[in-house]
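Please read the structure below before turning to the comments.
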Amino acid sequence: MSSICSLLLVLLAVAASSAAGDAGNKLKHIHLYMHETFSGANATEGAILPSPFGANATFGSVAVFDDELRTGLSRDSPLVARYQGIIVATGVAEGPASQGHLTVASILFVAGEYAGSALSLEGPFVGFQGTLERSIVGGNGKFRMARGYYLLKLLNLTSPLTAVSEADFYVLTCDPSYM
C-alpha cells in the first residue's frame, strides 16, 4: 500500500470519528431580555459586602443579583427565566480598564420549553459598556453538559432605577436527547 493511500485512509478515519463525535450536537440560540431593578422594594440586585480596603475602593466588594429574563422589552412580557448569581470586584488598579469583575451565575428557566432546566455561567468582565461576554460552563436538565457563550448588551435605562438589556445565549449540548 502506498504512503498516499495510507495517508488517505488515516484522514478518512479521523474525519469519520470526528463526525461521529459531533452527531447530535446542536448550537441553540436563545434570545431574551434582562430586566434589572437597582433599588427600592423590588430591587433585583444590590451590594451585600463593601470593599474591605477603604471607602473609595471597589476591590473585594460583593453584590448579588436575581434579575428577570423575559421574552420582550416590556416588563409585562412573559417571564421565562431568572438570572441569579454573585459578582465580585477583582480589579485592584484604578481606572475603568482595570476594574475587573468576576461573575458566577445560573440561568434558571421557570417557563417555556426549558422550564426546570438551568445554565451555569462564569466569567470576568471589565466595565459595564458595550457588549459583555461570559462563558457557559455547564447546565442541567435539557442543558446537561452545556457549553457556549452568553452576550449581554444594555439597550436602555428605562428609568434611573431600572434597565433592560438584550441577552443572547449560544448553547451547545453533548447529549442529543436533551436538545
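The values are calculated or read from the model by the stated rules, or taken from the named source; none is laboratory data. No experiment lies behind these values; they were computed from the predicted model shown. Reconstructed Cβ throughout: ideal geometry from the backbone, glycine too, with neighbour counts over all protein chains shown. Remember, those area values only see protein heavy atoms, side chains included, never the ligands or the DNA or RNA. Shrake-Rupley method; radii C 1.70, N 1.55, O 1.52, S 1.80 Å.
Within the stretch 57-72, if we keep just the residues that are β-branched (Val, Ile, Thr) and not in a strand (DSSP E or B), the residue that is modelled with the lowest pLDDT turns out to be Thr58. Count of the stretch 140-151 residues, restricted to those that are in a strand (DSSP E or B) and touching a Phe, Trp or Tyr at 6+ places or on another chain (Cβ under 9 Å), is 4.
The set of residues in the stretch 71-89 that are open to solvent by less than 30 Å² (accessible area, probe 1.4 Å), closer than 12 Å to Leu108 by Cα and not hydrophobic (A, V, I, L, M, F, W, C) comprises Tyr83, Gly85.
Per this entry, Val88 is counted among residues that are assigned to a strand (DSSP E or B), modelled with pLDDT under 95 and of a type in the set (Val, Ile, Thr).
Looking at Gly54, is it touching a helix residue (DSSP H, G or I) at 6+ places or on another chain (Cβ under 7 Å), assigned to a loop (DSSP other than H, G, I, E, B) and at pLDDT below 90? For Gly54, the condition - touching a helix residue (DSSP H, G or I) at 6+ places or on another chain (Cβ under 7 Å), assigned to a loop (DSSP other than H, G, I, E, B) and at pLDDT below 90 - is not met. Quick one: would you say Gly130 is at pLDDT below 95 and more than 21 Å from Ala43 (Cα to Cα)? Considered against the rule, which asks whether it is at pLDDT below 95 and more than 21 Å from Ala43 (Cα to Cα), Gly130 comes out as yes. The C-beta contact set for the stretch 99-115 (first residue at positive phi, second residue in a strand (DSSP E or B), distance under 7 angstrom, 6+ apart or interchain) comprises Gly112/Val80.
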